[in-house]
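The values are calculated or read from the model by the stated rules, or taken from the named source; none is laboratory data. Note that the structure is predicted; figures quoted are calculated from it, not measured. Here Cβ is always computed from backbone atoms with ideal geometry, including for glycine, and neighbour counts include all displayed protein chains. Side chains included, ligands, DNA and RNA excluded: accessible areas come from the protein's heavy atoms. Shrake-Rupley method; radii C 1.70, N 1.55, O 1.52, S 1.80 Å.
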Amino acid sequence: VQLQASGGGLVQAGGSLRLSCTASGISFSTNHITWYRQAPGNQRDLVAVISSGDSTNYADSVKGRFTISRDDAKNTVYLQMNSLKPEDTAVYYCKATDVIRWNDYWGQGTQVTVSS
């Protein structure tokens, strides 16, 4: 099983980025997918989650700015990030949780840097 997170980069405050999380070896349709982020010296925090049934939940700090969505045909989950702020700077990780076996699979992180 491999998860690949991509789409990070350097953007000015107020800009947008779209992160992608793509998997091989598992089917996203039977997984909850969660985006986390970790800034230097901080713990890894939940950003957004989308369930296998397409319900979503967001951290208060990103509500109204970030949108998580899934395309099961492409086995990909997206995190659309708008109105980015310098405090959004972090390494972003995706995690898949198999709802049948309750296994967790992590992708490598992708760096997001927001300049002021």
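So, of the residues in segment 30-51 that are open to solvent by 30 Å² or more (accessible area, probe 1.4 Å) and in a loop (DSSP other than H, G, I, E, B), which turns out to be farthest from Tyr78 (Cα to Cα)?
Taking segment 30-51 first, the residues open to solvent by 30 Å² or more (accessible area, probe 1.4 Å) are 30, 32, 36-38, 40-46, 49.
Now drop any that are not in a loop (DSSP other than H, G, I, E, B), which leaves 40-44.
Working: Pro40: 23, Gly41: 26, Asn42: 24, Gln43: 22, Arg44: 19 Å.
Among residues in segment 30-51 that are open to solvent by 30 Å² or more (accessible area, probe 1.4 Å) and in a loop (DSSP other than H, G, I, E, B), the one farthest from Tyr78 (Cα to Cα) is Gly41.
I want to confirm something. Restricting to segment 1-29 and keeping residues that are β-branched (Val, Ile, Thr) and either closer than 17 Å to Trp106 by Cβ or touching a Ser or Thr at 6+ places or on another chain (Cβ under 6 Å) (or both), which single residue is most open to solvent (accessible area, probe 1.4 Å)? Step through it out loud before you land on a result.
At the first step, the residues of segment 1-29 found to be β-branched (Val, Ile, Thr) are 1, 11, 22, 26.
From what is left, the residues that are either closer than 17 Å to Trp106 by Cβ or touching a Ser or Thr at 6+ places or on another chain (Cβ under 6 Å) (or both) are 1, 22, 26.
Values: Val1: 94, Thr22: 54, Ile26: 27 Å².
Of everything passing the filter in segment 1-29, Val1 is most open to solvent (accessible area, probe 1.4 Å).
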